[in-house]
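The values are calculated or read from the model by the stated rules, or taken from the named source; none is laboratory data. Here the structure is a predicted model, which is why all the values come from computation and not from measurement. Because the Cβ atoms are built from the backbone with ideal geometry, glycine has one as well, and the counts that use them run over all protein chains shown.
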Amino acid sequence: MEKMTGDVNNGFNDPATIPHGYVYRSQKGRYPWWVNSVDKITTPVDVSTWERKTTDMILMTQVMQGPLREEGLTRLEKGRARMLEKMRSNAPGSRIQDFALHYASETYFAAGTDMFTLSLIMKFLKINEIVGTLIHPPDELGVPRWEGSEKEASAMVEAAGIHLGASQVGFTGLNPWCLEANVHISSSVEKIKTTEDGQVLVPEDMKYVIVLAAQVPMEAQYRAPSQIGDAADRSGYENRQMAMERMINFIRGLGYKAKPIPGMIPPVIPLALMAGLGEMGRMNRLISPLYGGAIRLEALVTDLPLALDKPIDFGLQEFCRGCKKCAMACPANALSMDDDPSWEPKGVYSTPGKKVWYDDGERCSSYSASTHIYCGACLGACPWNKDNKTALHSVSRAMGATMPSLSPFMVFMDDLFGYGLVPEQRMNEWWDLKLPNKGFDSSRTRS
């Protein structure tokens with residue numbers, strides 16, 4: 001474990017490097033041997049062009065009520081009609097039972113966390129209040145709060161996170177460049193506060209970030225784009241949300257503060273990169289060396305002192321140059337086929353300041369609306385998603401990390417053995433598979 005010194009609250013010159021002033025825990029045994037711990041994330045970042053956005057609820061409301069709303073509703077209605085047509089014809093992956101599975105997997109969202117229904121947020125907050133009453137902080141019970149070293153705290157929180165539904169847990173420091181533009185670290189508040197002019201202030205002591213990654217059940221995800229694939233996608237989001245809410249209560253139960261990262265759409269991916277959960281891949285998403293791209297991320301801030309994790313490098317940047325499997329699988333042609341990542345943003349949803357393979361969010365969302373399917377084909381196509389069912393899979397992961405230039409050959413072998421997305425005629429086979437609980441393989445562990 002190494003102790004680093006420096007200014008904690010004012011960030012650092014290069015935001016892609018690890019923050020100073022924290023304790024870092026040893027990474028030995030937390031990942032396979034071919035994953036390296038590094039001092040800097042593998043995605044280049046340029047602070048001079050990086051844009052810290054602020055989600056403007058007034059502007060979002062105007063958009064939702066203006067001409068774009070009518071255009072979007074028209075597209076959604078056409079997509080719904082296509083979806084119903086496929087359901088009536090019993091199209092593979094779009095039958096009534098597939099549709100029911102999709103929406104049953106979205107139950108927790110329907111309770112108030114549906115990402116597309118802002119009006120449900122208040123309902124969700126009420127649920128938070130109810131759930132929060134189940135946990136009594138130590139001071140209410142007349143007992144001292146938990147005390148221990150940063151290393152002990154991180155080991156405890158990681159074990160709790162896995163039990164509470166996360167597949168990976170990482171820790172980093174609260175860095176201003178990862179926050180929305182109206183979110184600031186402040187010494188003048190004791191709890192997160194929103195000012196009259198819309199600025200969000202985070203207490204200085206809540207400088208520790210817990211990042212949680214939840215799996216997406218792969219056998220269902222392999223059947224994207226379809227209602228079965230959507231069931232996998234919704235399950236991933238729901239697992240992420242439940243893991244975070246449970247973790248907040250766990251931290252409160254220890255006697256410390258914990259809150260979700262402030263912001264309407266907080267940039268969790270940069271925090272996950274800093275916490276060593278993966279690298280940026282061609283689909284412009286974080287790719288885990290253990291679970292590929294089929295994960296959903298959530299992050300929260302706390303004042304519980306934690307030993308942090310460093311970023312990791314498992315050769316993904318070079319691997320993705322030669323792979324392109326996710327881009328070829330994208331039905332909307334929204335992913336880049338370029339050999340190299342770029343500093344140039346693509347589409348209205350992209351933000352500058354990072355060198356990545358940008359995706360075209362407009363194409364992606366338009367396809368989802370016009371088909372009434374969330375898609376996720378890129379997640380299912382990623383070669384890093386495979387379960388460790390055979391020794392060959394473990395060897396392939398090590399080869400992909402240590403010899404990433406062989407990715408075209410590995411993709412060829414991946415296709416040859418039939419891995420990746422399932423063809424439409426085999427969609428309905430999912431219902432006859434004998435799958436583990438919630439469809440997750442539990443053998444892909446860090447050590």
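So the values come out like this:
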quantity	calculated
Which numbered condition PRO352 misses (of (1) in contact with a helix residue (DSSP H, G or I) (Cβ under 6 Å, 6 or more places away or on another chain); (2) of a type outside the set (Lys, Arg); (3) assigned to a loop (DSSP other than H, G, I, E, B))	(1)
Those residues of region 116-170 which are aliphatic (A, V, I, L, M), in a helix (DSSP H, G or I) and modelled with pLDDT under 85, in sequence order	LEU118, LEU120, ILE121, MET122, LEU125, ILE127, ILE130, VAL131, LEU141
Every residue from region 182-236 that is in a helix (DSSP H, G or I) and surrounded by 23 or more Cβ atoms within 10 Å (Cβ to Cβ)	ALA220, GLN221, GLN227, ILE228, GLY229, ASP230, ALA231, ALA232, ASP233, ARG234, SER235, GLY236
Residue within region 178-185 that is in contact with a Phe, Trp or Tyr (Cβ under 7 Å, 6 or more places away or on another chain) and closer than 22 Å to ALA307 by Cα present	no
Qualifying residue in region 384-399 (condition: modelled with pLDDT under 95, part of a loop (DSSP other than H, G, I, E, B), more than 22 Å from the chain's Cα centre (by Cα) and farther than 30 Å from LEU174 by Cα)	yes
Conditions (1) modelled with pLDDT under 95; (2) crowded, with 24+ Cβ neighbours inside 10 Å; (3) closer than 30 Å to SER149 by Cα: number failed by CYS323	(3)
Given (1) within 23 Å of GLN215 (Cα to Cα); (2) modelled with pLDDT of 75 or more; (3) assigned to a helix (DSSP H, G or I), index of the condition SER405 fails	(1)
Of residues in region 277-295 being charged (D, E, K, R) and within 21 Å of PRO331 (Cβ to Cβ), the one nearest to the chain's Cα centre (by Cα)	ARG285
Index of the failed condition, GLY315 passing every other in (1) over 22 Å from ILE185 (Cα atoms); (2) under 11 Å from the mean Cα position of the chain (by Cα)	(2)
Condition broken by LEU290, with the remaining ones in (1) in contact with an Asp or Glu (Cβ under 9 Å, 6 or more places away or on another chain); (2) hydrophobic (A, V, I, L, M, F, W, C); (3) within 19 Å of SER154 (Cβ to Cβ); (4) at pLDDT below 95 satisfied	(1)
Number of the condition not met by TYR256 [criteria: (1) part of a loop (DSSP other than H, G, I, E, B); (2) aromatic (Phe, Trp, Tyr); (3) in contact with a Pro (Cβ under 6 Å, 6 or more places away or on another chain)]	(3)
Among the residues listed as GLY255, GLY293, GLY276, the single one being in contact with a helix residue (DSSP H, G or I) (Cβ under 8 Å, 6 or more places away or on another chain) and either among the charged types (D, E, K, R) or surrounded by 23 or more Cβ atoms within 10 Å (Cβ to Cβ) (or both)	GLY293
Filter pass, MET337 being part of a loop (DSSP other than H, G, I, E, B) and free of Cβ contacts under 8 Å to residues at least 40 places away in the same chain	yes
Residue match in region 204-211 (condition: in contact (Cβ under 8 Å) with a residue 24 or more places away in the chain and closer than 15 Å to GLY439 by Cβ)	no
Boolean, LEU306 is part of a loop (DSSP other than H, G, I, E, B), at pLDDT 90 or above and of a type in the set (A, V, I, L, M)	yes
Residue among TYR108, TYR22 that is at pLDDT 85 or above, buried (at least 17 other Cβ atoms within 10 Å of the Cβ) and within 27 Å of VAL157 (Cα to Cα)	TYR22
